[in-house]
Structure formats: C-alpha cells, structure tokens
Amino acid sequence: MHQLTLAEIARGLADKKFSSEELTKVLLARIAQLDPQLNSFISLTEDLALSQAKAADVRRANGESGALLGAPIAHKDLFCTLGIRTSCGSKMLDNFKAPYDATVVAKLAAAGAVTLGKTNMDEFAMGSANESSYYGAVKNPWNLEYVPGGSSGGSAAAVAARLLPAATGTDTGGSIRQPAALTNLTGLKPTYGRVSRWGMIAYASSLDQGGPLARTAEDCAILLQGMAGFDPKDSTSIDEPVPDYSASLNGSLQGLRIGVPKEYFSAGLDPRIAELIHNSVKELKKLGAVVKEISLPNMQHAIPAYYVIAPAEASSNLSRFDGVRFGYRCENPKDLTDLYKRSRGEGFGPEVQRRIMVGAYALSAGYYDAYYLKAQKIRRLIKNDFMAAFNEVDIILGPTTPNPAWKLGAKNSDPVAAYLEDVYTITANLAGLPGLSMPAGFVDGLPVGVQLLAPYFQEGRLLNVAHQYQLNTDWHTRTPTGF
C-alpha cells in the first residue's frame, strides 16, 4: 500500500479495495519503523489521523466521493493545526499549540484528507538543507549521509521514502522545488496569492507560498486542487477562479513553445546536470514542443536582491516572538529588556539570528535606500525580464539546482555556498510566478530535477507538461533503496 500514489489511493478507496483506516494504520506503522532513520517528522498525530480516516470511510459509505477523501498526507510544521504543536522547527515555538487551523489545513480536512503528522523543516523556513531545525537535520532517503534540501525537507524526505503519498510544503525562495529535486519528487510553487497564507507562519510575506509535494504531477494536481482558492482572511489571496487541474493533464504538447535561458548554463552549473536538462528538452521535443534560447539578463542580481528582501521581511515578521505573549520565554528575566534579549537569543538558532540581523540592518535608516529600495528595484527588473520572455514562449525550462544534494554539514561553515543553491529558484518568488520541479535523472546515485516556470495562474500548464513528460519517462518511479 505504501507504494500507491494519491491517484491510485483514490481509485482503491472508490473500488473498496481497502479502507482509509486500513491504509492509515499501515502508513503510521511504516513511519514508526522507518522515520527514526530520516527524522522527517516533528509530530505524529495518530489519534487525529485515525479519527479522520474513520470519518472519511463513513462519508464514502454514504455515497460521497473525492480524490482526497480518505487520502493520507502530512503538513509542513508551519501550518497552524488546531490543538497540535506548530513549531516552525524552532525552540521558540516548541511549546506552541495552535488555537486554530490554517486555511490550507482546514480546506484539506474538509476535502477528507487524513493528517498523519507535522513534518520537520528548517527553522522558520530559513535554509536550503533542513539542517537548521531545532529537532535535528533531516536525512535524504537516497543517501542518509546527504541533505534532502530545504526548507520543506521533512515533507520531501517523508514522501520520497514512501512514508506517505504527498505532503504540503512552502516555497519562499525554492523551498518546495529544491527539496523535490534533491529527493526525486514533483514539487509545485503556485502563483503568489493562489494558495492562502492565513495560518501559515510567515518568513517573508511577499515571497512565501504554500504548495504540494508528491511523486507525480498527477498527484500534485490533486493536492493543489484541495489547497487553492481565494481566502478573504488573507489580504494577499487573489480572487481568481481555480480550474480543474486534473482535467488539463492530458493536453497535447504539440506546438508548445519552451524557452531555455542562456544564463542558466553558466560555470556554476554541474555539467552532468546540464546534460540531463538537455535530455529532458529532447524528450519534450519528441512530444511536439518547440524549443528556443531566451535571455533573462537580470538573473545574476537575483540572489543579492533576495537575500536583502527576505531577511528584511523576516526581521519584521519575527519581531512578534518576544517572550511575552506565546512561545519560548527565558527564565528569571531581570527586566523587560533582558526578557526580550534572552528569549530571542535562546529561542532562535544561528541561521535565523543571522537573517534577522541582516534584515534589520537593511531596513535601518542609513541603509534603507542603499539596500532594501535597490533590491526592490532589481525585483521589478527581474519580473520585467520574465514578462518579456513570456511574450515569446509558453514556459521556461532549466535546472532546479546547480548541484545534486551535498553531504550533511558540508556547507554549515559557509552560508553563502548554501544560498547559491537557490540561484535558479528564487527568481520565481521575486516575480510571484508559478514554478514546478520534476525528476530528470541521477548524478552519482542522487536525484536531479528540471524546473518549469509559467505565466501567472498557469499552474495547469506546468502540471500538463510535467504529466506528459512523466508518461514518457520513468525517473519519477524510482524508489530509494531500503524504502
């Protein structure tokens, strides 16, 4: 049962081959057996999962149907979940039990999804390796000595290891797509505003976006269908009709115009990954796509712009964690200043502290114009590059990451080296565009992903291309040894 995709689970439940309760028990036992190797979960919610599974079985018995009704999933541990610890991977929120459900959690629960637990993540979603978590690093199931990517590494590792068929993640600079690439999954970052951010603990409010992680594009379509939609509680949510993503999967790629930016194939890209990307282009050409070279001239400025804007927003968002209202509080503070300093100093890890400091500096009176304002201008130039490119092509294709996964601890002493792993993903967040990573092969036994970008609200187009590619390749079907 653990090898079934979301689509196969939906068919199995509809045909009464098994019940949601049976499936849930199998997966909970599998998590208990295998997750100690991976550390992909922070909290397991067995009682909730079994009660939701039983309720889903009753709903099906009463004639209800739906692709997510009775399907087991997990949530990245920054989606607030009523009465359950929502830690953000941080000591700061280790004791925080959310008093409400995030909109994404509520929507998926209403669709009948079964929540098995909350997955491990980089602290406050800050990281590219899932090594900054207060609960310890997550291991990559393809090689337990390597990182799974971040910050949604717990969700990615759990799905890749077949502990469950799909999970939610969030993507601020590539945190769904990068771990998807490093663990052989399909991961989708929707258009900014497509999925509600209400109840999703914020890192950088103008960049964060929730989305699905699964083994196939078909499964991502199912999960996104349950997550997407306008939310009046979220001021950044966009009132745009949600199409039937599964209905568009089987469209022909004949005449599809694919742009390949020349800037993607620079000295920083592992040549073995470049070869795999070119192979995926050939595969899509066979399916009728037309490929042309394009240019994104301002891409070179993306990382410096992102690492000004994101920390600036983080320093603002994380100011609420002060030891007064909720979360970690230091012992025996001498006065209010001591309470603030020690609660934040003891509650936040080094990477979060680093980004708060950078952000506060960039927003300070003497440097706002020189750094933050300039970064926002670069952001606009990057968006303009994409708008110009999409006048010529329908989607943009390239590598998801410049390198395959690296060994645990290999980049801990050099944060900038880890930041550079986001070079291909952060532009989509700066511009607010939808992006998808899908499996494209292996380098030294480690998975590699190819990234697709599309115009605003064209998630269906990305899923269509990925699904057609997956019908003609088998990379996404490979399973890590031992799982």
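The values are calculated or read from the model by the stated rules, or taken from the named source; none is laboratory data. Everything quoted here is computed from the prediction, not taken from an experiment. Reconstructed Cβ throughout: ideal geometry from the backbone, glycine too, with neighbour counts over all protein chains shown. Remember, those area values only see protein heavy atoms, side chains included, never the ligands or the DNA or RNA. Shrake-Rupley method; radii C 1.70, N 1.55, O 1.52, S 1.80 Å.
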With all protein chains present, the stretch 392-483 has a carbon and sulfur share of its accessible area (1.4 Å probe) in percent of 51 percent
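Subtract the Cα-Cα distance of THR337 and ASN95 from 0.36 nm times their separation in residues, and report this length gain in nm to one decimal.
On the way: separation 242, 0.36 × 242 = 87.12 nm, distance 2.23 nm.
Stretched fully, the THR337-ASN95 segment lengthens by 84.9 nm.
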Answer in debye to the nearest 20: the dipole magnitude of the chain about its Cα centre, from +1 Lys/Arg and -1 Asp/Glu charges placed on Cβ, is 120 debye
Among ALA56, PRO148, PHE79, the residue whose Cα sits farthest towards the positive end of the charge dipole of the stretch 34-179 (+1 at Cβ of Lys and Arg, -1 at Cβ of Asp and Glu, taken about the Cα centre) is ALA56
For the stretch 1-115, the Kirkwood Rh over every pair of distinct alpha carbons, in Å, works out to 14.8 Å
Once the dipole of the chain is set up from charges on Cβ (+1 Lys and Arg, -1 Asp and Glu), the residue from the list ALA106, SER128, TYR371 lying farthest towards its positive end is TYR371
Ranking ARG59, ARG379, ARG194 from most to least accessible area with a 1.4 Å probe gives ARG59, ARG379, ARG194
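Which value in Å is the Kirkwood Rh of the stretch 233-311 over different Cα pairs? Provide the component values of the computation, followed by the final result.
Values: mean 1/r = 0.0615 Å⁻¹.
Taking every pair of different Cα atoms in the stretch 233-311, averaging 1/r and inverting gives 16.3 Å.
Among 309-320, 384-395, 151-162, how do they line up by average Cβ neighbours within 10 Å per residue, starting with the highest?
For the peptides 309-320, 384-395, 151-162, the packing ranking is 151-162, 309-320, 384-395.
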Quick numbers on the chain, Rg and Dmax over C-alpha atoms in Å, give 21.1, 70
One would report the antiparallel percent of DSSP beta bridges in the chain, rounded to the nearest 5, as 70 percent
For LYS411, counting only lysines whose alpha-carbon sits under 24 Å away and dropping same-chain residues fewer than eight positions off, the answer is LYS76, LYS91, LYS139
Using alpha carbon centers only, the stretch 240-298 is separated from the stretch 391-411 by a whole-angstrom value of 13 Å
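Using the Cα centre of the stretch 255-351 as the reference point, and only Cβ charges (+1 on K/R, -1 on D/E), how large is the resulting charge dipole? Debye, rounded to the nearest 20.
Details: 14 positive and 12 negative charges, 76 e Å.
The dipole magnitude comes to about 360 debye.
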Convex hull around the C-alpha positions of the stretch 269-391: the volume in Å³ per residue is 175 Å³
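Which entries in the list LYS285/LYS377; LYS189/LYS374; LYS118/LYS377; LYS189/LYS282 go over 29 Å, if you measure between the two C-alpha atoms of each?
Working: LYS285/LYS377 36 Å; LYS189/LYS374 26 Å; LYS118/LYS377 37 Å; LYS189/LYS282 25 Å.
Correct reply: LYS285/LYS377; LYS118/LYS377.
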Cα-based Rg/(2.2 N^0.38 Å) for the stretch 363-483, rounded to two decimals, is 1.30
Dipole check, the chain, charges on Cβ (K,R +1; D,E -1), about Cα centroid: among PHE442, PHE457, ASN403 the Cα furthest to the positive pole belongs to PHE457
